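Reading through the structure tokens given below for one structure.
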Amino acid sequence: MKTIPVHAAAATPAAETFAFEAGGFADHNTPLILNCWYVAALGAEVSRDIISRRLLGTDVAMYRTLAGEPVAVRNRCPHRSFPLAKGKLDGDTLICGYHGMQFDPSGRCLNMPSLPITPSNASVRSFPVVECGPLIWIWMGESDMADEALIPDTHWLADPEWKSVSGSYYMKSDYISMHENLLDQTHFPFLHPGAIGTPEYARSKLDVRQEGEVIIIDRQLKNSPPPGVYGVPTGLTGKPVHRYSEARFASPALHVAFAKIVDPTPPEGAQSDYRFNITHIFTPESRGSIHYWWFNSRDFKLDDKEADEYLHTASAKAYLEDVDALEWILEVVKNDAQPQFDLNFAPDKPGLLMRRVIHERAAAEAGYTF
Amino acid sequence: MKTIPVHAAAATPAAETFAFEAGGFADHNTPLILNCWYVAALGAEVSRDIISRRLLGTDVAMYRTLAGEPVAVRNRCPHRSFPLAKGKLDGDTLICGYHGMQFDPSGRCLNMPSLPITPSNASVRSFPVVECGPLIWIWMGESDMADEALIPDTHWLADPEWKSVSGSYYMKSDYISMHENLLDQTHFPFLHPGAIGTPEYARSKLDVRQEGEVIIIDRQLKNSPPPGVYGVPTGLTGKPVHRYSEARFASPALHVAFAKIVDPTPPEGAQSDYRFNITHIFTPESRGSIHYWWFNSRDFKLDDKEADEYLHTASAKAYLEDVDALEWILEVVKNDAQPQFDLNFAPDKPGLLMRRVIHERAAAEAGYTF
Amino acid sequence: MKTIPVHAAAATPAAETFAFEAGGFADHNTPLILNCWYVAALGAEVSRDIISRRLLGTDVAMYRTLAGEPVAVRNRCPHRSFPLAKGKLDGDTLICGYHGMQFDPSGRCLNMPSLPITPSNASVRSFPVVECGPLIWIWMGESDMADEALIPDTHWLADPEWKSVSGSYYMKSDYISMHENLLDQTHFPFLHPGAIGTPEYARSKLDVRQEGEVIIIDRQLKNSPPPGVYGVPTGLTGKPVHRYSEARFASPALHVAFAKIVDPTPPEGAQSDYRFNITHIFTPESRGSIHYWWFNSRDFKLDDKEADEYLHTASAKAYLEDVDALEWILEVVKNDAQPQFDLNFAPDKPGLLMRRVIHERAAAEAGYTF
């Protein structure tokens, strides 16, 4: 586990080597889905200094125009494959560091110094990007499918009624397993004892539903003391409360969880409802490595530094436990001389629904019909 | 060369890619033999703290029950592939660190906390293990072939009439080459000058025989001063003695050497015979990496710390020379753009017999008949 | 980028996996050309201490005889593949460190200690080597084609009328790209701003011609102030001079550039012509790694330490810029999930001619005829 590096290199094996099967479930070998909005970077990471990052197997160079608009282009000059992020900016123009070839933010060549005439039909691929709150979303699939309406909702990250703490990890695992991990809350008491796991919770009633390609799970647990991560910031540690939580696989790029803690007997003048929105963002670098950003947002104690500190520390610890576990698992799966067909149990249902959705999208992109 | 790590990762390529040929000799590419007892660990390494080690391409988790019995199971939860060695023990029960799935020492599932009923037909593979003296033997092949009578004899390692010094290496080579190295004593004067190599010895008469799958070589060298490793502990340095030595490829897991130094004219009251049993244990982690343990045992000066110290230092030095040489060789063999068909000479006969035995066993396991 | 290590390991994939096509251009995947003289080492690197170095995918051991003649043999004993560079010398005889097998400089076996009779038909492959000035050339292709007349001319490196400064890099790129880089001077102002790049130069008239398998480019730039690397040593900084330069792809192993700076109005008693010969030597370790040596030679100020210092620093800086750029490019090319067909422009012509020459030689060695 490391924090996200600006330059990282890992290849994605070609999709053609993968055999899809009818009714299959995606796993760490499933080709990545391109026709989807992913987070390329935090807005705060992209500036007038060009950075590069491998996203879905392709190196992308990112910078901002003088007007502050984010730009993302393939990090490979179309002439001799020089990484454009090693070049420089002149105004809004990106200049290759090898032969000085110049590109505008749309990727069109503006000048090739060694030629008398600009080869204006030359270009580098530019990717659609949209900045929403703290996030820069990118579309790396077929350009004419890049519909901004498909960008999933994370408005609370920029809403002044909400306060967020956040962090990021660069991890050597697959995003399928990370999504499955988040759709499965029965691991809380074991992988995260103390902070977010209470034994009752693992057996609390689970409601699972699928809305199109979105998988939603709901849990309710009434009259039970909250785990630390909800008890400490609300001040309700030890008090029986009602806990409502919805977790949703929103897209291959995003998992969001909406939690509400209700104090059934609030002290006079105190509020009864406390909401937490948890945002998990996954952008595969390759089939076996992920850029992972998380946000823990709350609608109370917006200016409370102690709550910030507590929630940041507790969240970072819990998500690092996930990161470590999923890295160990992929290492086991990849290095084992003998394959294993994992057992599935009833609580795995939401994860399997998600894996079927991803399998079908990947198969469709590869041209398979069943 | 490193000392043996508790966690190590290296994959064994699938056996199917290997082409057997009639009358062939095993080499570094030959699939590993599964139906054989190997040493999984020293008894002293296995405790109430779970450890993991890759053996024959499979990760194995090991611990002891409350009663002290060693247990070895596949280090991969059958549910979501979490490495079980990262879990914990509750009495004799191994608890997965991801969802809390519980297994008894036989591998049977005792509880899955998120389920109302235990999936008692679920299990993790448990491997037969037998503790003999300082060694824990494991059988990773077909379970119904795990006959304890097949465990090769190393009784001197636990016999109070014998005293042993020992050491271990984790090495990046193949066990075939290590066996061949030990069956070929003509390298002593060159790779181990001084300690165990004397020039006469390389040309001393060699007797080779095969008993079933065991290859035995005998050498006698009379009236010749012993090399340091035999001369110093016996106090016979410089004196002409008779040296009898038998080296045997006992199994793919074990090479043992029985040496006897005879003083033809012992001083009054002194003994004339001094015996050394040398035990070399190889457990392939993969085709190109080995867990290697050695023991140097003697039947005299049992409580002599100086003899311990000398024999440990001299043995560790000599076996490290072997380790280095065989690591260099595998590196040469694997990286060379052009294959080489090694020349064979008369003294290579015992090694070739051994390589034929291993080739035939591997071919049989792969279902080949010639 | 690192300085050249004596021991380095990198395999060259088998040539058979490559598909040649009529009229094709060599790239980083093209099989290496064996029938060519390459530089194995500087003479100063080879002594009575045996060294090894991987050249064209094969490990080579090198030493000098008592008479000082350089010897190069395959670094792999024909008996059990022990790396011969780990052995030792006894006079002119190379002794394997494993079983003491002895070889004369021609590679013929002189003795195998464990055998009663020398297996004199046993041998290790010895490669023809020729020492020319500071360089030791080696022929690793078909022995009967090793014609010394084919060694390209670099006489100025040993001519007392010339003074050279030099350096070396071990780099992770391919020699095709390095040759292309040197045949393309339009990158000077961008990759090497200041030192050797002036904007006018990138657009100066270029003359390209092919003489057999040699590609030659000529440029002239009149009445223009020289870049630092020519201006500082000549003392002509800022003065309009004539600059003539010829760069030639002499062989897959060698690029040479001949530059002449002419002062059209020399001060009384001062010379008007200043010559620089730049020698770039590439020996592929594998398709993706190169041993690179460079020399910057001049025919004036032979004893001027300041000129030495300046030219060494400026050259090392510029060539390191090339090394970095080409390493970045190969990393991009190898890791990118999607292939790119690079655009070619008019100034790429000399590089493309060179790539066609190498493609044809590689195809011929692989037995292709078009």
Heavy-atom accessible area order for C:K163, B:K172, largest first, 1.4 Å probe: B:K172, C:K163
Note to self: C-alpha centroids of segment B:293-308 and segment A:313-355 sit apart, in Å, by 49 Å
One finds, for C:D159 and C:R108 with R0 = 60 angstrom and r their Cβ-Cβ distance, a FRET efficiency to the nearest 0.05 of 0.95
What residues of segment B:306-325 lose no less than 10 Å² of accessible area with every protein chain in place versus their chain by itself (probe 1.4 Å, heavy atoms only)? B:A325
Quote the FRET efficiency, to the nearest 0.05, computed for C:A67 versus B:V208 with a Förster distance R0 of 45 Å and r equal to the Cβ-Cβ distance. 0.55
How about segment A:45-101: which trypsin sites (Lys or Arg not before Pro) there lie in a loop by DSSP and see at most 14 other Cβ atoms within 10 Å? A:R48
Which one of C:V323, B:Y274, A:L34 has its Cα pushed farthest toward the positive end of the charge dipole of the protein assembly as shown, where Lys and Arg give +1 and Asp and Glu give -1 at the Cβ? B:Y274
If you wrap a convex hull around the alpha carbons of segment C:37-140, what volume per residue comes out, as a whole number of Å³? 86 Å³
Near A:R80, within a Cβ-to-Cβ distance under 13 Å, what is the net charge of the other residues, with Lys and Arg +1 and Asp and Glu -1? -4
If each label sits 7 angstrom from Cα along the C-beta direction, how far apart, in nm, is B:A366 from its counterparts in the other copies? 2.8, 2.8
Residue-wise HN-Hα coupling along segment B:236-252, computed from phi with Karplus coefficients 6.51, -1.76, 1.60 (Hz; x: Gly, Pro): 9, 3, x, 8, x, 10, 9, 10, 10, 9, 10, 10, 9, 7, 7, 6, x
Find the accessible area per residue for chain A; the probe is 1.4 Å, ligands and nucleic acids are left out, and the unit is Å². 40 Å²
May I ask you to derive the relative contact order of chain B, considering only C-alpha pairs under 8 Å and at least 6 residues apart, and to give it as an integer percent? 20 percent
Relative contact order of segment B:156-365, pairs being alpha-carbon contacts under 8 Å that are 6 or more residues apart, as %: 28 percent
To the nearest 10 Å², what's B:D303's accessible area with a 1.4 Å probe? 140 Å²
Could you work out the percent of alpha carbon pairs in segment C:99-173 separated by over 14 Å, rounded to a whole number? 73 percent
Can you list the distances in nanometres, one decimal and ascending, from the B:F18 label point to the identical position in each other copy, with the point 7 Å along Cα to Cβ? 3.2, 3.2
Probe radius 1.4 Å, ligands and nucleic acids ignored: give me the carbon and sulfur share of the accessible area of segment B:26-106 as a rounded percent. 47 percent
If you average the C-alpha positions of segment B:68-109 and of segment C:244-281 separately, how far apart do those two centres end up, in angstrom? 74 Å
Relative contact order, percent, segment C:37-140 [alpha-carbon distance under 8 Å, six or more residues apart]: 26 percent
Residues with beta-carbon under 10 Å from that of A:V165, excluding A:V165: net charge, scoring Lys, Arg +1 and Asp, Glu -1? 0
Using only the alpha-carbon atoms of segment A:32-73, report the extent along each of the three principal axes, biggest first, to the nearest angstrom. 33, 16, 15
What are the nm distances, shortest first, from B:R219 to its equivalents in the other copies, labels at 7 Å along Cα→Cβ? 6.8, 6.8
Find, among the GluC sites (Glu not before Pro) in segment B:200-292, those assigned to loop by DSSP (not H, G, I, E, B) with at most 14 other beta-carbon atoms within 10 angstrom. B:E268
One finds, for B:D49 and C:E246 with R0 = 56 angstrom and r their Cβ-Cβ distance, a FRET efficiency to the nearest 0.05 of 0.20
Provide the buried accessible surface between chains B and A in square angstrom, both chains summed, 1.4 Å probe, rounded to the nearest 100. 2600 Å²
GNM top mover of A:A149, A:A257, A:A26 - chain A, alpha-carbon springs below 10 Å: A:A149
Any idea what % of Cα-Cα pairs in the protein assembly as shown are farther than 58 Å? 29 percent
What spacing in nm lies between the two simple spin-label points modelled at A:S272 and B:A149, each 7 Å away from Cα in the Cβ direction? 7.8 nm
Any chance you could get the radius of gyration and Dmax over the Cα atoms of segment A:244-370, in Å? 19.0, 63
Each label sits 7 Å from Cα toward the beta-carbon; between C:K334 and B:H312 the label points are separated, in nm, by 4.4 nm
Roll a 1.4 angstrom probe over the protein heavy atoms and tell me the percent of accessible area of segment B:226-370 that is carbon or sulfur. 52 percent
Cα gyration tensor of segment C:159-365 diagonalised, 5x eigenvalues square-rooted, in angstrom largest first, produces semi-axes 30, 18, 16
Do any residues of segment A:337-366 show a loss of at least 20 square angstrom of accessible area between the isolated chain and the full protein assembly, using a 1.4 Å probe, and if so which? A:A337, A:Q338, A:Q340, A:D342, A:L343, A:F345, A:P347, A:D348
Using the 2.2 N^0.38 Å rule of thumb for compact globular proteins, work out how chain A stacks up: its C-alpha Rg over that value, please. 1.08
Taking a probe of 1.4 angstrom, what is the accessible area of B:C132 in Å², to the nearest 10? 40 Å²
What is the sum of charges, Lys and Arg at +1 and Asp and Glu at -1, for the other residues whose Cβ falls under 12 Å from the Cβ of C:D322? -4
For segment B:156-365, give the magnitude of the charge dipole about the Cα centre (Cβ charges: +1 Lys/Arg, -1 Asp/Glu; no others), in debye to the nearest 20. 400 debye
Only Lys, Arg, Asp and Glu count, each charged at its Cβ (+1, +1, -1, -1), so figure out the dipole size of chain A about its Cα centre, rounded to 20 debye. 560 debye
Apply the Karplus parameterisation 6.51 cos²θ - 1.76 cosθ + 1.60, with θ equal to phi minus 60°, to every residue of segment A:34-41 and state each ³J(HN,Hα) to the nearest whole Hz, in sequence, with x for glycine and proline. 8, 7, 6, 7, 10, 7, 8, 5
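The values are calculated or read from the model by the stated rules, or taken from the named source; none is laboratory data. Treat the numbers as computed from the prediction; the structure is a model and nothing was measured. For neighbour counting, all protein chains shown are included, and Cβ atoms are generated from backbone atoms with ideal geometry for every residue, glycine included. Quick note on the areas: whole protein, heavy atoms, side chains included, nothing else; ligands and nucleic acids left out. Shrake-Rupley method; radii C 1.70, N 1.55, O 1.52, S 1.80 Å.
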